[in-house]
Amino acid sequence: MNGGPLIVQSDKTLLLEVDHPDAQACRMAIAPFAELERSPEHVHTYRLTPLGLWNSRAAGHDAESVVDALIKFSRYPVPHALLVDVAETMDRYGRLQLLNDPVHGLVLRGLDKIVLLEVSKSKKLAGMLGARLDDETIAVHGSERGRLKQALLKLGWPAEDLAGYVDGEAHSIDLAEDGWTLRSYQQEAVDGFWAGGSGVVVLPCGAGKTLVGAAAMATAKATTLILVTNTVAGRQWKRELIARTSLTEEEIGEYSGERKEIRPVTIATYQVLTSRRGGTFTHLDLFGARDWGLVIYDEVHLLPAPIFRFTADLQARRRLGLTATLVREDGREGDVFSLIGPKRYDAPWKDIEAQGWIAPAECVEVRVTLTEAERMTYAVTDSEERYKVAATARTKLPVVKALIDRHPDEQVLVIGGFLDQLHTLGEYLDAPIVEGSTTNKERERLFDAFRSGELRTLVLSKVGNFSIDLPEAAVAIQVSGTFGSRQEEAQRLGRVLRPKGDGRQAHFYTVVSRDTIDTEYAAHRQRFLAEQGYAYTIVDADDVLGPPLPQVD
DNA sequence: CAGCTAGAAA
DNA sequence: AGAAATTCTAGCTG
């Protein structure tokens, strides 16, 4: 219509022309409700999904604002049927509400009687609903609050949960007042969460998600259960809470493989909760050990399946999910939506970078050419092993070294997915390795040495995908990854995004073998970051290695 | 009680 | 669609 950057197609894909002058504004406008699917050089593909639309609906956007954005940036007339579909899909959220009735307890109310009638006939809801109280109200078994929301989402009628929460056991928690305040986006995130009751806050790694958690605790002023991915991450939470809140060492317990403390604020690992013996979960008591007023899920994109089940029974407690990437590789975003809650806040990474709260980062994909012999091996390897062969090619070694040498004054993390490759690298670079078998004690020692500057280079296995706080790292070099995991890429970039004291830039290199599936996987991993506005420059390994040394024979 | 190892789970 | 890696428990040792 007006030469805009966006082509809206009736199959619900949106094509964004990247080089168009309005592309950036358009990206900002559609990001709240559309999911990026592909991001090659010139045209990015987004998709409209029901979940994306419902998340933006829950965040207070109405169908009109979505329709306006599509029409405003569209190059051609937007298919009418698609606009109708957007409006209808968004309108499905909240037509059913879960409420707390003073007489009947938990009830499902239909703002639309027909919808209520329709879902009440569904076999999927059998056993969850009780007596029909009137035209627009049906009693709900209190214990089924979570499972009912899951089922309704699957039926396409996600309920708005207004049934409220128990306060839990009160516990005095305040933010410490010595010379710092929450950043504006952190405050907005906490306000959004609290107003919504429960849900997910999406912020980049390094943007201070722990402080959002601390502020939520200071708002709830109640006993809190914090679930984290591993023990070291848990200790970082503890350290941060002691520094930034009125909580003392004695008030915070660690519930991990090593210790089983239950205190007013308890930090537990997902693994310990999901561990079982003889088919029964052994540590479930933790959920009932106290009258928790708030449950915080760190790295909610990694939440293991059993935790979803327990969470279904925790619907009367306030739940805060924290993550940098809401995308899950297992497609269970719907369960996060119905059981933890809708997305309550997110901010584009580039916005927070523009405010100076995370370091600007340059992303470079370095392509190496395999040697004749490596190409031969690759060619004769069957498909299952191929990725490993391509990703762990020895040709990458000197390239990694050259990249490190390009930043002589920076601390460097080398991150990969295959242990033997990492051991080779560790020897080659004379750098220590942190992997799964590294004891927590040793990890903390190495991380401390790195933080203090004593150690310049550290090699990390998949443990580096999880929250590790290493503020000094300014350069990360990725040598291999898992499949094409988008969240992994984001976590790894996140390792270098903590703002540097003097505003230095961060560098993220990904070293990839040319003409192999290594290249494809790398492209897949980069998708999420492309959505956040990070563009990769592709360079040849020879440009990194510099001119070849003269041959001496 | 710290440190190590094997074995299970997802 | 599959393989690798991680993290837990439990049992042993000095």
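Throughout, read-outs are computed from the coordinates displayed, never taken from laboratory work. On a predicted model such as this, the values are computed, not experimentally measured, just so you know. Glycine also receives a Cβ, built like all others from the backbone with ideal geometry; neighbour counts cover every protein chain displayed.
A few notes on this one:
To keep it simple, each residue is scored yes or no on (1) in contact with a helix residue (DSSP H, G or I) (Cβ under 6 Å, 6 or more places away or on another chain); (2) among the hydroxyl-bearing types (Ser, Thr, Tyr); (3) part of a helix (DSSP H, G or I).
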{"position": "A:19", "(1), (2), (3)": "no, no, no"}
{"position": "A:26", "(1), (2), (3)": "yes, no, yes"}
{"position": "A:36", "(1), (2), (3)": "yes, no, no"}
{"position": "A:53", "(1), (2), (3)": "yes, no, yes"}
{"position": "A:70", "(1), (2), (3)": "no, no, yes"}
{"position": "A:81", "(1), (2), (3)": "no, no, yes"}
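- Residue list for the range A:239-251, filter: in contact with an Asp or Glu (Cβ under 8 Å, 6 or more places away or on another chain) and either of a type in the set (A, V, I, L, M, F, W, C) or surrounded by 19 or more Cβ atoms within 10 Å (Cβ to Cβ) (or both): A:242, A:245
- Elements of type strands (runs of 3 or more DSSP E) contained in the range A:329-427, each with 1 or more residues being charged (D, E, K, R) and farther than 24 Å from residue A:461 by Cα: A:343-346
- Helices (runs of 4 or more DSSP H) wholly inside the range A:264-313 that include at least 3 residues being within 13 Å of DNA strand B (Cβ to nearest atom) and surrounded by fewer than 23 Cβ atoms within 10 Å (Cβ to Cβ): A:270-274, A:305-312
- A search for C-beta distances below 7 Å between a residue of the range A:102-114 that is closer than 12 Å to residue A:140 by Cβ and in contact (Cβ under 8 Å) with a residue 40 or more places away in the chain and any residue that is charged (D, E, K, R) and surrounded by 12 or more Cβ atoms within 10 Å (Cβ to Cβ), counting only pairs 6+ apart in sequence or on different chains, returns A:106/A:145.
- Residue A:240 meets the conditions (1) more than 30 Å from residue A:350 (Cβ to Cβ); (2) touching a helix residue (DSSP H, G or I) at 6+ places or on another chain (Cβ under 6 Å) in every case but one. The failed one is (1).
- Selection status of residue A:239, within 16 Å of DNA strand B (Cβ to nearest atom) and either of a type in the set (Val, Ile, Thr) or in a helix (DSSP H, G or I) (or both): no
- Residue within the range A:56-68 that is of a type in the set (S, T, N, Q), crowded, with 20+ Cβ neighbours inside 10 Å and under 23 Å from residue A:325 (Cα atoms) present: yes
- Filter pass, residue A:145 being closer than 15 Å to residue A:308 by Cα and either part of a loop (DSSP other than H, G, I, E, B) or of a type outside the set (Asp, Glu) (or both): yes
- Among the residues of the range A:435-451, at least one is in contact with a strand residue (DSSP E or B) (Cβ under 9 Å, 6 or more places away or on another chain) and closer than 19 Å to residue A:392 by Cβ.
- Against the list (1) surrounded by fewer than 19 Cβ atoms within 10 Å (Cβ to Cβ); (2) in a loop (DSSP other than H, G, I, E, B), the condition residue A:468 fails is (1).
- Residue list for the range A:190-221, restricted to those being over 20 Å from residue A:317 (Cβ atoms), outside any helix (DSSP H, G or I) and not small (Gly, Ala, Ser): A:202, A:203, A:204, A:205
- Condition check for residue A:367: surrounded by 14 or more Cβ atoms within 10 Å (Cβ to Cβ), more than 16 Å from DNA strand C (Cβ to nearest atom), on the phi < 0 side of the Ramachandran plot and not β-branched (Val, Ile, Thr): yes
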